[in-house]
1. Which of the residues belonging to the stretch 1-47 are without any contact (Cβ under 8 Å) to a residue 60 or more places away in the chain and in contact with a Cys (Cβ under 6 Å, 6 or more places away or on another chain)?
2. Of the conditions (1) more than 29 Å from ASP105 (Cα to Cα); (2) assigned to a loop (DSSP other than H, G, I, E, B), ASP53 fails just one. Which one is it?
3. Scan the stretch 77-113 for residues that are polar (S, T, N, Q) and more than 17 Å from LEU47 (Cβ to Cβ) and report the count.
4. Of the numbered conditions (1) in a helix (DSSP H, G or I); (2) under 12 Å from the mean Cα position of the chain (by Cα), ILE12 satisfies every one except a single condition; which is it?
5. Somewhere in the stretch 21-30, is a residue modelled with pLDDT of 95 or more and polar (S, T, N, Q)?
6. Looking at ARG52, ARG62, ARG91 in this structure, which one is charged (D, E, K, R) and surrounded by 16 or more Cβ atoms within 10 Å (Cβ to Cβ)?
7. Give the stretch 15-49 a look and list any residue that's under 16 Å from the mean Cα position of the chain (by Cα) and polar (S, T, N, Q), or say none.
Amino acid sequence: MVRDVQRRYWRICPEDLYCRLIAQDRPALDVLLEDDEFVADWQMERLVATARDHLGDLPEGRKYCLKIPSVLGGQYEIPNLATISLVDLMRASGHIAHEIDDLPDGAQVRLVVTD
């Protein structure tokens, strides 16, 4: 979650390759944070616990992630979990989102990973 210079709140969801406005101001965010469904989706406690059990605690600056984003068919399962720096996660997610932005749902995608 990030706050922009206009003090609006955005949710960045790297596994689903989106960034969406979720609140126009802090009072609206406070209301949203009282929604149990939003909080459960935001915290992803079971997935985080699974990742921690299999990948260990996170060093500073690293995050758990999906190797293949869910919108490209990646599963929320142990073989698809990894850790990555926050900077690299945002960079990769934004790049992939940009590349597939104009594709229709169900389009075939070939993911090529390079250095």
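1. Selection gives TRP10 alone.
2. ASP53 satisfies every listed condition except (2).
3. Result for the stretch 77-113: 2.
4. That leaves (1) as the condition not met.
5. Yes, the conditions are met somewhere in the stretch 21-30.
6. Testing whether each residue is charged (D, E, K, R) and surrounded by 16 or more Cβ atoms within 10 Å (Cβ to Cβ) leaves just ARG62.
7. Scanning the stretch 15-49 gives a single hit, GLN43.
The values are calculated or read from the model by the stated rules, or taken from the named source; none is laboratory data. Just so we're clear, the structure is a prediction, and the values are computed from it rather than from any experiment. Here Cβ is always computed from backbone atoms with ideal geometry, including for glycine, and neighbour counts include all displayed protein chains.
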